[in-house]
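The values are calculated or read from the model by the stated rules, or taken from the named source; none is laboratory data. This is a predicted model, so every value here is computed, not measured. Cβ atoms come from the backbone with ideal geometry, glycine included; neighbour counts cover every protein chain shown. What goes into the accessible areas is simple: the full protein's heavy atoms, side chains included, and nothing from ligands, DNA or RNA. Shrake-Rupley method; radii C 1.70, N 1.55, O 1.52, S 1.80 Å.
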Amino acid sequence: MKKMIFTLVLAIVSSVWMINEASNWCMPSVRTVTNPWIEVNGTFQAEGFPCEPDEECPPCLTIVLVTSNKTYYLVTDDGQLIEQLDTIPLGTKASVSGIPFSQGSYDYIQVSHIETDQKLPSLCDEWNVLEISNVTCGYCEEYRTYNFHLTTDTVIGGLLYSQLIKDGAYKGALREGNNRDIYCVPSGCSQEYLLYAFNAQVGDSLKNIWVGGNSSWIPDVRSAIVSEIKQTTPRTIELEVHYYEAPDAYEESIRNLTWIEGIGMPFGPMGAECSVFNGCADSKAKLLLCAYKNGEQVYTSATGEQYGCEYNYNPDTTHTDTIPLYSRDDSGSSTVDPVDPNQIYATLTGDKLTVHNNTGAQVTFTLNNTSVNNIAARVRANTEPVSFTESISVELSENGIYEILLTSEEWNYSVFGTINYVRSATTITKEDPASTTKKVLRGTQILIERGDKTYTLTGQEVK
């Protein structure tokens, strides 16, 4: 085997150093020509300039990579790498590739590549966003969950950004500044906007902010004033946005916008893709379900609590179940008879319960979730008595055993039915993205399928 021999050649160290005027940090001018190439993992920190006792020392700090056994001072002539170092917050874990060498009392790496563990330290790196179509049609809405995530880096205008991808489609590029401020270049645009400023204070006036939109619709935002910071967990930053809705608009509009610290907007990481204030012309709504950081779920919205971190529902393809209904003599008799389905019948399509009445009578409908113990959930699940003639529909959201009650002044009996309901959303956890939970109907019994196992509503496994 041929033995490889490397010769170490060092440049002469002088009293000249490279100074980054914007950040007031400097870099040693010492360089190497040849040496073995390595890749090391560590954390970015700031140290005093590497000076020997008899050398003039500049009054500035320099960036170092602290590993488990060494502290490497970083040197490079690459302008893009210098810009990248200028935007990486101290404390960030990273992998640095380059040529190592020693000079005097110090160890150096002549850097060729930097890969950080965290794309944006102050912001999540993955989001699940629920898109609801046909929101104005009434009980025919379609639900689909989209995944946004940060992926490979890209350089725009000499600055390093992380690309934002929505289900494989490029949506823009994000980078972080030095004060927990996040900037974006939306897809189809060349201008950079301020996306978030998580260290903003009440009364601050922010310029050039991004509130949502796309390359063909960008609102003319004049300013955004931080009106309130709520000490929720995480904190929420309320802004009063002054803008012009269209280029030819004469009157300034004022709307409110919310930032969730470290998470983003209630509509997703870059807001709504149409007018964030006036809604979408295509009858669509977008709501953030869950957010993740380094593979761990760190946030669940109120919508996520209701639907889970992934929910997909299409009323055209969802199976319809018929709910058995029975009549009961109101005179006090215990006689119970099945109801003629040609007269009255109930169906469950996905999460939508519908009662159809062909008797011509005015009917009062009441629905109660008899298995809910939590008072707030019971209020959400139950309905007040409602009168109808032909049909009535209600969307279920709370799991449980529901009792349907139908009465009419024209009847001498009441109609009732019972349904064991399990929300039809599919929940996917980060630990096992393939795991699913769904409701199935076998005969008149509703069961829960989780993976390759089947359970009753009380949790007993069905063999």
Candidate set: segment 279-329, residues that are modelled with pLDDT of 90 or more, small (Gly, Ala, Ser) and in contact with a strand residue (DSSP E or B) (Cβ under 7 Å, 6 or more places away or on another chain); chosen: the one farthest from VAL363 (Cα to Cα):
ALA291
Could you pull out the residue among ARG180, ARG175 that is modelled with pLDDT of 90 or more, closer than 30 Å to PRO100 by Cβ and out of contact with any Lys or Arg (no Cβ under 7 Å at 6 or more places or on another chain)?
ARG175
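State yes or no: is PHE44 closer than 29 Å to ASN294 by Cα, at pLDDT 85 or above and open to solvent by less than 40 Å² (accessible area, probe 1.4 Å)?
Spelling it out, PHE44 is indeed closer than 29 Å to ASN294 by Cα, at pLDDT 85 or above and open to solvent by less than 40 Å² (accessible area, probe 1.4 Å).
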Hey, ALA169 in contact with a Cys (Cβ under 9 Å, 6 or more places away or on another chain), of a type in the set (A, V, I, L, M) and within 25 Å of ASN128 (Cα to Cα) or not:
no
Segment 330-340, subset open to solvent by 90 Å² or more (accessible area, probe 1.4 Å) and not in a strand (DSSP E or B), residue modelled with the highest pLDDT
ASP330
Can you find a residue that is open to solvent by 20 Å² or more (accessible area, probe 1.4 Å), in contact with a Gly (Cβ under 9 Å, 6 or more places away or on another chain) and assigned to a loop (DSSP other than H, G, I, E, B) anywhere in segment 154-167?
yes
Please list, ordered by residue number, the strands (runs of 3 or more DSSP E) wholly in segment 180-266 having 3 or more residues that are surrounded by fewer than 20 Cβ atoms within 10 Å (Cβ to Cβ).
220-230, 236-244, 253-260
